[in-house]
Amino acid sequence: MAIETQPERAHGAGDSGPASRRRRPWWMRPAIHTAIVGAVIGYLIGHLLGNVLESSNVGTEYPNLALSDSSDWPIVLGYAFAIVGWVAGLGVFNDLLRQMIGKPVPVAREAEEAAEGGIAKYFRFTLDHKVVGIQYLIGEIIYFCTAGLFAMAIRAELLSPTYHLFSSSVYVQIVGEHGTMMMMLMSSVILGPFGNYLVPLMIGSKRVAFPRIEALSFWLTPVAFLILLSGLLLGGFPFGWTGYAPLSIQSTLGADSYAMAFGLMGLSIILLGFNIIVTVICYRAPGMRWSRLPIFVWAIISTAFLMVLAAPVLIGGMYMMITDRTAQTAFFVDTLGGSSYLYQNLFWFFGHPEVYILALPGFGVVLEILPVFTRKPLFGYKVAAAGMIGVTLLSFFVWQHHLFMSGINPDMRPVFMLTTELISIPTGFIFLVGMGTLWKAKIRFTVPMLFALAFFFNFLIGGITGVYLSDVPVDTTAHGSFFVMAHFHYTIMGGLIFAFFAACYYWLPKMMGIRLNQTLGKWHFWTMFIFFNATFLPLFAIGMAGQPRRVFEYARNLETLNDWVSISAFLLGGSILIFVINFVWSTVFARVREEGNPWQSRGLEWQVSSPPPPDNFARVPVVLSAPYLYGFKDAPPVADLNPPVGVLSAAYAQAPATEAEV
Ligand code: HEM
Ligand SMILES: [Cu+2]
């Protein structure tokens with residue numbers, strides 16, 4: 001069921017194609033600078049339009065206008081037009097327009113060949129999944145560091161039990177920026193860079209299904225990031241990353257930034273997930289059966305389904321919040337017949353799957369890495385895949401555990417307690433597959449492996465405290481405290497972000513043909529592991545002692561512990577700095593080449609050169625065996641990269657499973 005992925009040539013011989021099109025001067029070619037110009041123009045138009053709307057007194061006849069300050073229209077329309085301007089400036093609509101006036105449209109591959117290469121290709125709308133992967137990688141590092149700086153600011157304030165750096169209102173704005181930026185932008189921290197770059201290589205495809213959609217999914221992230229940041233100029237938003245009504249309906253203009261940015265990011269992950277789902281379903285090479293799909297790809301496609309199914313609800317919620325604030329709808333205004341409780345349900349119907357959007361790709365990364373450095377097959381491959389599907393399905397049935405304290409019908413509490421505790425079963429499957437693979441293994445303690453091992457350590461703490469929190473009596477006590485904070489940082493920072501770094505050290509030689517410095521890598525690992533735990537472990541105790549989230553003051557007797565946490569947090573920040581230095585040093589200055597397969601991996605992506613050739617594979621490969629046959633002396637090669645001409649690839653694909661596979 002494979003599709004030959006050689007792009008068809010769209011035009012006849014008479015058409016000399018886009019390569020011969022006249023080159024415009026660089027500043028007229030669509031790229032990031034034209035996008036900025038487009039966004040600024042768009043913003044101005046939208047703002048003007050909003051002012052006109054407002055001065056015409058639209059909506060003043062409605063009673064709830066007073067809920068929000070009245071100048072939301074110019075801001076919301078400004079943002080909306082800025083997004084359109086940004087996308088237009090990037091040239092996203094160019095091919096569409098060309099098609100509408102009957103001009104030939106180049107297929108992705110031709111467009112890439114015609115456009116300029118070099119460093120410039122990273123700054124424009126490109127249709128090459130490998131370039132998009134690198135763009136995502138750089139973007140995510142920038143977003144992560146920015147949100148991390150807000151975390152440092154939070155910890156700086158908490159050095160003292162009373163007011164010393166920021167006022168209470170600035171403090172909640174910083175918490176809101178930190179939490180929202182992390183949750184929004186880290187949702188694509190693995191799928192963006194590694195999913196886009198590696199999935200086609202791992203399934204034996206020359207490209208992704210929808211290159212334009214893929215590129216668009218990336219280019220929406222910088223705008224979402226900037227819109228969110230600009231919220232600070234508009235008074236920020238005081239309601240954390242969850243945006244609960246009625247606070248969000250009543251608060252200052254910064255709330256518009258929150259809603260526009262979060263909704264936009266929802267769109268981005270829908271596009272990201274959609275493209276990946278179609279790619280995995282339709283573009284697998286012959287012989288790449290579902291039972292041979294790398295476990296990383298299983299994790300990616302499960303996450304993609306979560307994205308595509310959950311994010312529309314987020315967009316709906318954000319859209320309703322925006323219309324409440326502008327068009328005087330009252331979806332979430334209790335006094336006018338709406339319901340703030342409705343918002344909580346919409347938000348968490350997205351928000352809980354979101355936490356698995358953050359967790360599953362991490363599992364995919366570490367399970368992909370374990371067999372390579374233990375030289376053992378993945379223990380219970382099918383169990384892991386089943387676990388991922390189980391988590392995906394159950395994710396949609398647990399959201400009300402976030403509402404145990406929000407007026408949920410008490411009879412429903414046990415139901416959601418049960419479903420929540422059930423989800424630890426498939427999660428446990430995945431965890432045990434990791435443990436089974438490590439069992440009696442001779443481990444190679446490389447940098448990626450260290451990060452993968454730390455993932456299990458951290459996630460175990462995060463997971464077990466999660467089981468406690470799903471218990472209604474415990475949640476009733478711990479809700480809104482630093483205990484919850486410590487729990488989810490253990491799963492997301494300790495899980496996802498550790499896995500992200502594992503992936504960087506493991507796959508950057510593949511993606512850039514360059515090895516990161518391993519000594520600095522070890523320094524990065526040990527400092528990050530130690531200071532991560534030093535930061536977040538005491539927060540469980542602090543939470544149990546009653547320190548509330550999102551409050552800048554706390555009881556005096558907790559000062560010593562808080563100081564310890566803050567200092568550890570700064571050192572944790574320092575460890576991330578080591579990574580950034582290593583990344584820049586290794587890729588820009590040292591540039592130690594790594595061309596082959598440094599980890600002796602059986603992964604299909606490692607069977608081509610590093611970085612891979614433009615088409616990934618010279619011919620469509622035929623996959624011959626399961627990916628994790630480590631330790632078998634006579635294991636067949638993973639794929640035939642040069643299958644004999646004339647042999648139907650279907651014949652290969654029909655070949656029975658090798659003995660080692662069953
Ligand atoms: C450098 C490591 C990090 C540190 C030191 C840190 C620190 C903190 C602190 C102290 C708070 C609580 C503020 C308060 O409630 O008063 C917080 C909140 C939060 N953090 Fe982090 N964080 C880090 C990384 C992350 C990561 C990687 C994520 C997710 C990808 C994340 C997501 C959140 C969220 C969602 C909140 C809740 C915000 C809210 O209450 O609305 N953090 N962080
Ligand atoms: Cu949840």
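Tabulated results
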| quantity | calculated |
| --- | --- |
| Highest-first arrangement of 246-253, 592-599, where packing means the average Cβ count within 10 Å | 246-253, 592-599 |
| Share of carbon and sulfur in the accessible heavy-atom surface of the chain [1.4 Å probe, %] | 70 percent |
| His33 versus Lys382: modelled label distance in nm, points set 7 Å from Cα along the beta carbon direction | 5.8 nm |
| Under-5 Å amide H pairs with Glu594, H placed in peptide plane, nonlocal only | Ile514, Arg515 |
| Three-way shape call for the stretch 128-285 based on the alpha-carbon gyration tensor, with the a/c threshold at 1.5 | prolate |
| Gain in span if fully extended, Ala534 to Ile138, counting 0.36 nm per residue against the direct Cα distance | 139.8 nm |
| Loop-resident sites, the stretch 232-329, for trypsin sites (Lys or Arg not before Pro), counting at most 16 other Cβ within 10 Å (DSSP) | Arg289 |
| Solvent exposure ordering (accessible area, 1.4 Å, most first) of Trp27, Trp507 | Trp27, Trp507 |
| Quotient of Cα Rg and 2.2 N^0.38 Å for the stretch 408-540, N being how many residues it contains | 1.25 |
| Calculated from backbone phi, Karplus (6.51, -1.76, 1.60) coupling profile of the stretch 238-250 in Hz, x at Gly/Pro | x, 10, x, 7, 8, x, 4, 7, x, 4, 5, 6, 8 |
| FRET efficiency, Val40 to Leu96 (Cβ-Cβ, R0 22 Å, nearest 0.05) | 0.45 |
| Dipole magnitude (debye, nearest 20) for the stretch 214-359, charges at Cβ of Lys, Arg, Asp, Glu | 520 debye |
| Mean Cβ neighbour count within 10 Å, used as a protection proxy, ranking 134-141, 542-549 highest first | 134-141, 542-549 |
| Over the chain: helical MRE at 222 nm, DSSP H runs n ≥ 4 each giving -39500 (n - 2.57), nearest 500 | -19500 deg cm²/dmol |
| Mean-position separation - Cα centroids, the stretch 127-195 and the stretch 72-94, in angstrom | 24 Å |
| Selected from Phe144, Leu378, Thr476, residue furthest toward positive end of dipole (the chain; charges at beta carbon) | Leu378 |
| Sequence of Cys504, Cys282 from largest to smallest accessible area, 1.4 Å probe | Cys282, Cys504 |
| Top positive-direction residue, dipole computed over the chain with Cβ charges, set Val280, Ala626, Met405 | Ala626 |
| Loop-located GluC sites (Glu not before Pro) in the stretch 66-130 whose Cβ has at most 14 other Cβ within 10 Å (DSSP) | Glu116 |
| Mean separation of Cα contacts under 8 Å (6+ apart) over length of the stretch 104-218, as relative contact order % | 39 percent |
| Relative contact order computed over the chain (Cα-Cα under 8 Å; 6+ residues apart), in percent | 14 percent |
| Lys, Arg +1 and Asp, Glu -1 on Cβ, resulting dipole of the chain about Cα centre, debye, nearest 20 | 2040 debye |
| Gain in span if fully extended, Trp564 to Lys442, counting 0.36 nm per residue against the direct Cα distance | 40.2 nm |
| Most positive-pole-ward Cα, Trp219, Ile295, Ser205, against dipole of the stretch 177-304 from beta carbon charges | Ser205 |
| Residues of the chain: accessible area per residue with a 1.4 Å probe, Å² | 40 Å² |
| Mean Cβ count within 10 Å, highest first, over the residues of peptides 331-344, 176-189 | 176-189, 331-344 |
| Span-rule helices in the chain, defined as complete DSSP H runs reaching 24 Å or more along the axis (Cα) with Kyte mean at least -1.0 | 32-55, 72-89, 129-157, 168-185, 211-230, 254-282, 295-325, 340-374, 413-438, 447-469, 518-544, 559-584 |
| Segment Phe396-Arg549, length gained on full extension (0.36 nm per residue, minus Cα span) | 52.5 nm |
| The stretch 508-573: C-alpha gyration tensor shape, a/c 1.5 cut-off, then a/b vs b/c | prolate |
| Whether the chain is rounded, prolate or oblate, judged on the alpha carbon gyration tensor where a/c under 1.5 counts as rounded | oblate |
| Computed accessible area, Phe456, all protein chains, 1.4 angstrom probe, square angstrom | 10 Å² |
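The values are calculated or read from the model by the stated rules, or taken from the named source; none is laboratory data. All of these numbers come straight from a predicted model, not from anything done at the bench. Heads up, the Cβs are rebuilt from the backbone with ideal geometry, glycines too, and the neighbour counts pull from every protein chain shown. Calculation scope for accessible area: heavy atoms of the full protein, side chains included, ligands and nucleic acids excluded. Shrake-Rupley method; radii C 1.70, N 1.55, O 1.52, S 1.80 Å.
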